[in-house]
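Quick notes on the structure that follows.
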Amino acid sequence: MRIADRELGRPHFSGRGFKLPVVIVLTYTALLVVAPLLAISWGAFSSGVSATLREITSPDALHALKLTLLLAISASGLNAVLGLVTAWVLVRHRFRGRALLNALVDLPFAISPVIAGLMLILLFGREGWLRFLPDALGIQIVFALPGMLLATVFVSLPFVVREVMPVLSHLGTEQEEAAHTLGATGWQTFRKVTLPAIRWGLLYGISLTFARALGEFGAVLVVSGGVSGMTETATLFIFRSMDDRNYAAAYSMALVLAVVSFGTLILIELLKKRTGQRR
Amino acid sequence: MSIVLDEVSKRFGNHLVVDRFALEVFDGELLVLLGASGSGKSTILRMIAGLTYPDEGRIVIHGTDMTYAPVQQRGIGFVFQNYSIFSHMTVAQNIEFGLKIRGVARPSRIRRVEELLELTGLAGLGNRMPRQLSGGQQQRVALARALAHEPKVLLLDEPFGALDVKIRGHLRRTLREVQKRLNVTTILVTHDQEEAFELGDRIGVLERGRLQGIGHPEDLYRCPRSDYVATFLGGGNLLSGPATSGLFGAILPVPEEYRSAEGQRVQLFFRPEHLCLDKERPHNGRPVLGRGEIIEQVFAGSIRRVRVRVPRLPGCRQVAPQPKFGQEDWILEGELPSDLPLESQQYWVSLSQWSFLAPPRPHLLVFDNAASDGNEHLKMAGWLGAKIDGSLTVLRNRKEHESDQKVRREVQERLAEVDLDGAVSVLLPQGRSGNVLVREQAANTYNLLLLSKPKPEVRFSHLGITKTLTNILEKAEVPLLIMSGKFRPIRRILVCTAGGEPGKHDIRLAAWVARRIGAAVTLLHVFAPQTDNTVGRRHVANASSTLASLDIQVESKLLESPNTVDAILGEASDGDFDLLIMGGHGPYSSSFFRPEDVTLQVLKRVNRPVLVVPQEEV
């Protein structure tokens, strides 16, 4: 029986081997994850529920929240399209520089978001190489919404690419060829065969992008300038409130962000299960 | 005529996968293309479907030239080996996909899906998801889906390859019924001959991108035209011998068409079930091969498979089943009814049915370029071609600015000098010499390449031979005869089994050459002093009995020497040999050709012809 269980990869309960690692994992999860969450909740409600509600409905706070959601949703949308195309190109095409492109996709993970923000300023700032671009378009990029969006898109670029690539290569080209033989054009095939087949992987990548965009701080801080009521996102709001010693506002906003992130996390877990089933 | 393929060729990189393939498929027939893996059969099917395009030739479907038409316009149904069912759709949605694309209204779609579910034995499973189905059911869905839009042509690419035997049988019957009911022209590709026999109205046998034979299954089985079709389809025994004397002339009536010239060889083919065993010498007119001994018997249900050792008849050799290395007697395959008791080991072996095949004509490729040293290689080609009754192709690379006509005239003049201007085909592709040769030998089936060792002044300094030659040596997949020194007829061959791995291929090739030109062979094995050479001795012993079994005059020599290259060169000049045969390293192992390689060292210093034998791919 025991041999069979081991072969099937089922947990086996024997001696001390069972308890010790579990205890260790539970302890540090409690210390590092659960305790901070509890502390945040306690901090948010310590001066009363009404104070929390007041802080969170203040014009600055509402504006920051709206801006954050706007950024996160647009960044997710943009990266869904760009990431899908990038993944497609990397999986389906063989060309010079493919390996380099494949490596570059991970760059946003490797470099600090602060540096990412700085790069945008160097490009589009007053002395930047590409300053003619915002001038020509008649918009402002740095210290404005477009710059913040660019920063957010940059830092969350790899998620969709990395989630879609394995699903796409696992899918192969045979189903698409089958669709072609049945008379479907390239676009029909993509819409009716490829996209549905990779949809769970794509959605999982988008949710990760969303969660990452929600919590982005460094790159946005550098690019936006953090003008309250203008270019201040939720994370920047928390940072400023802490600076102003307005702890109630900081904790309340933190709690809201934590709840949204937690919701996204649960969604991700559900999606993961779906993708697992599909494979 | 439903489908016509007209001289269709397809290359992947340098490799010719489909070679001037011509085929006509009749309306409503089920044609099976049968071939081993890598024979190009799937590529042909994909070209008909439009999933890939040919490099040359034309594809006509129902009178319309469809060579480069997109797949969507061809009106075909295609079934893939791995089902390729749309995993996110139900069975019914899968089947109606093609109809939906064509904008067919919902009520008629539903009706058609029901019909097809019924037809393919899937009734009631329309709402299942693919993952709830077995492999066999999934392939039924794929078949129904491919038929939904009423294609004029149905193409199946190894459709039952991934299924187990029992389900395969069921599906074959379903396919046969559906195909006959709908009368749809069908091409099925497979490597399974049982499947081919069961399904095919006609069978086409493919080898290396060429059609080796096509016809009704029974005709192909009873009267195969080529040795490949004979041995691939059903298997059997193939013996080769002279047409006018010896075995075949004496005890079997050889048809006139195979006796055109003195010394002409012919191949005798017979199926295992036509091998007869009798205790007494039969006097019923059946040709008797001799008295044989049963060395192995296997009970296989209704039949008993036996292997019989029969003493070899002089002047003849066994081609199939391929003799083992060192085997002198013939070992023939037979099939007897299993209820017939075998009472002893010794039987008289005779034949109840047999057929004759013309032996394949060897094909020589001669490389002639500006750097060629004189025309000794052309003289050798002419002599060898006449000796082995081979066809000759001369290849000369052409620079961009040179006109085809001018170079052709030059080559013809050179050929005329050595009386070779008759039946020789001349190829003049553009490109660098080494690349052109490597490409041509990969693209066609040659038995031998012939070229001259390049002139000294273009030597590659540290190797002593040119880079081009090294390149050819590394990439050639065919034996390579490198000519140096003056031409003279080959009478004595030195086979150096010390060069590289002691190979069986160099022995087989030596036998092939020696038998055709009637030369004597000396086997040379060089071993370093104070080493164990048991393996070498055994190899040489096996090699000499293999050669002796082919009536080749053979002697063997074992030399102890610290320097293999010196020993080989010394022996070559002492014995004044006309040809050296050495092992090479074959394709895809370029790293083996280092300057210290024995074959390269010998090539660098020798002034006699050397035949380098590539090792087979592992």
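The values are calculated or read from the model by the stated rules, or taken from the named source; none is laboratory data. As the structure is a prediction and not an experimental result, all values here were calculated from the model. Backbone-built Cβ (ideal geometry, glycine too); neighbour counts: all protein chains shown. Surface accessibility is based on the protein's heavy atoms, side chains included, excluding ligands, DNA and RNA. Shrake-Rupley method; radii C 1.70, N 1.55, O 1.52, S 1.80 Å.
Restrict the check to region A:135-148 and report whether at least one residue is within 14 Å of chain B (Cβ to nearest Cβ) and not small (Gly, Ala, Ser).
Looking through region A:135-148, none of the residues is within 14 Å of chain B (Cβ to nearest Cβ) and not small (Gly, Ala, Ser).
Any chance you could count how many residues in region A:252-278 are modelled with pLDDT under 75 and either surrounded by fewer than 11 Cβ atoms within 10 Å (Cβ to Cβ) or touching a helix residue (DSSP H, G or I) at 6+ places or on another chain (Cβ under 6 Å) (or both)?
5
I'm trying to understand the selection: among the residues of region B:32-45, which are over 24 Å from B:Pro70 (Cβ atoms) and either assigned to a helix (DSSP H, G or I) or out of contact with any helix residue (DSSP H, G or I) (no Cβ under 8 Å at 6 or more places or on another chain) (or both)?
Answer for region B:32-45, where residues must be over 24 Å from B:Pro70 (Cβ atoms) and either assigned to a helix (DSSP H, G or I) or out of contact with any helix residue (DSSP H, G or I) (no Cβ under 8 Å at 6 or more places or on another chain) (or both): B:Ser37, B:Gly38, B:Ser39.
Filter region A:220-251 for residues that are among the hydrophobic types (A, V, I, L, M, F, W, C) and out of contact with any helix residue (DSSP H, G or I) (no Cβ under 7 Å at 6 or more places or on another chain); which is nearest to A:Ile40 (Cα to Cα)?
A:Phe239
Condition first: more than 14 Å from chain B (Cβ to nearest Cβ) and either assigned to a helix (DSSP H, G or I) or over 29 Å from A:Gly263 (Cα atoms) (or both). Can you find one or more residues in region A:181-202 that meet it?
no
Would you tally the residues in region B:172-215 being basic (Lys, Arg), open to solvent by less than 70 Å² (accessible area, probe 1.4 Å) and assigned to a helix (DSSP H, G or I)?
2
What single numbered condition from (1) modelled with pLDDT of 80 or more; (2) hydrophobic (A, V, I, L, M, F, W, C); (3) open to solvent by 40 Å² or more (accessible area, probe 1.4 Å) fails to hold for B:Val394?
(3)
Which number in (1) touching a strand residue (DSSP E or B) at 6+ places or on another chain (Cβ under 8 Å); (2) of a type outside the set (Phe, Trp, Tyr); (3) more than 14 Å from chain B (Cβ to nearest Cβ) marks the one condition that A:Pro158 misses?
Result: A:Pro158 passes all but (1).
Name the residues in region B:46-78 that are on the phi > 0 side of the Ramachandran plot, among the small types (Gly, Ala, Ser) and part of a loop (DSSP other than H, G, I, E, B), would you?
B:Gly50, B:Gly63, B:Gly75
Grab the helices (runs of 4 or more DSSP H) fully contained in region B:79-154, keeping just those with 1 or more residues being within 12 Å of chain A (Cβ to nearest Cβ), surrounded by 19 or more Cβ atoms within 10 Å (Cβ to Cβ) and not aromatic (Phe, Trp, Tyr).
B:91-101, B:135-147
Test A:Arg126 against the stated conditions and say whether it is in a helix (DSSP H, G or I), out of contact with any His (no Cβ under 7 Å at 6 or more places or on another chain), surrounded by fewer than 22 Cβ atoms within 10 Å (Cβ to Cβ) and of a type in the set (D, E, K, R).
no
What are the residue pairs meeting all of these: first residue in region B:150-161, first residue over 13 Å from B:Ala49 (Cβ atoms), second residue aromatic (Phe, Trp, Tyr), Cβ atoms under 8 Å, and 6 or more apart or on different chains?
Filtered contacts from region B:150-161: B:Pro159/B:Phe80.
(1) modelled with pLDDT under 95; (2) within 14 Å of chain A (Cβ to nearest Cβ); (3) within 33 Å of the chain's Cα centre (by Cα): which one isn't true of B:Ile187, the others all being true?
If we test B:Ile187 against (1) modelled with pLDDT under 95; (2) within 14 Å of chain A (Cβ to nearest Cβ); (3) within 33 Å of the chain's Cα centre (by Cα), just (1) comes out false.
Check A:Arg131 against each of (1) charged (D, E, K, R); (2) at the interface with chain B (Cβ under 9 Å from one of its Cβ atoms); (3) surrounded by fewer than 16 Cβ atoms within 10 Å (Cβ to Cβ) and name the one condition it does not meet.
A:Arg131 satisfies every listed condition except (2).
Every residue in region B:155-171 that is crowded, with 20+ Cβ neighbours inside 10 Å, more than 21 Å from B:Gln72 (Cα to Cα) and of a type in the set (Asp, Glu), please.
B:Glu158
Among B:Gln322, B:Gln346, which is the only one that is open to solvent by 70 Å² or more (accessible area, probe 1.4 Å), touching an Asp or Glu at 6+ places or on another chain (Cβ under 8 Å) and more than 30 Å from B:Ser433 (Cβ to Cβ)?
Of B:Gln322, B:Gln346, the one residue that is open to solvent by 70 Å² or more (accessible area, probe 1.4 Å), touching an Asp or Glu at 6+ places or on another chain (Cβ under 8 Å) and more than 30 Å from B:Ser433 (Cβ to Cβ) is B:Gln346.
I'd like the full set of residues that are farther than 25 Å from B:Glu177 by Cβ and surrounded by fewer than 23 Cβ atoms within 10 Å (Cβ to Cβ), limited to region B:26-41.
Listed by number, the residues that qualify are B:Ala36, B:Ser37, B:Gly38.
Given the conditions (1) among the hydroxyl-bearing types (Ser, Thr, Tyr); (2) closer than 22 Å to B:Ile48 by Cα; (3) surrounded by fewer than 18 Cβ atoms within 10 Å (Cβ to Cβ), and given that B:Ser226 satisfies all but one, which numbered condition is not satisfied?
With (1) among the hydroxyl-bearing types (Ser, Thr, Tyr); (2) closer than 22 Å to B:Ile48 by Cα; (3) surrounded by fewer than 18 Cβ atoms within 10 Å (Cβ to Cβ) applied to B:Ser226, the lone miss is (2).
Mind checking which pairs have a first residue in region B:520-538 that is loosely packed, with under 11 Cβ neighbours inside 10 Å and a second that is part of a strand (DSSP E or B), Cβ under 6 Å, 6 or more apart or different chains?
B:Pro529/B:Glu560
Here's the yes/no breakdown for (1) closer than 30 Å to A:Phe190 by Cα; (2) modelled with pLDDT of 90 or more:
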{"site": "A:Leu107", "(1), (2)": "yes, yes"}
{"site": "A:Val114", "(1), (2)": "no, yes"}
{"site": "A:Gly125", "(1), (2)": "no, no"}
{"site": "A:Gly128", "(1), (2)": "no, no"}
{"site": "A:Phe132", "(1), (2)": "no, no"}
{"site": "A:Leu150", "(1), (2)": "yes, yes"}
{"site": "A:Pro158", "(1), (2)": "yes, yes"}
{"site": "A:Arg162", "(1), (2)": "yes, yes"}
{"site": "A:Val167", "(1), (2)": "yes, yes"}
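Out of all the residues in region B:62-78, which are of a type in the set (Gly, Ala, Ser) and at the interface with chain A (Cβ under 9 Å from one of its Cβ atoms)?
B:Gly75, B:Gly77
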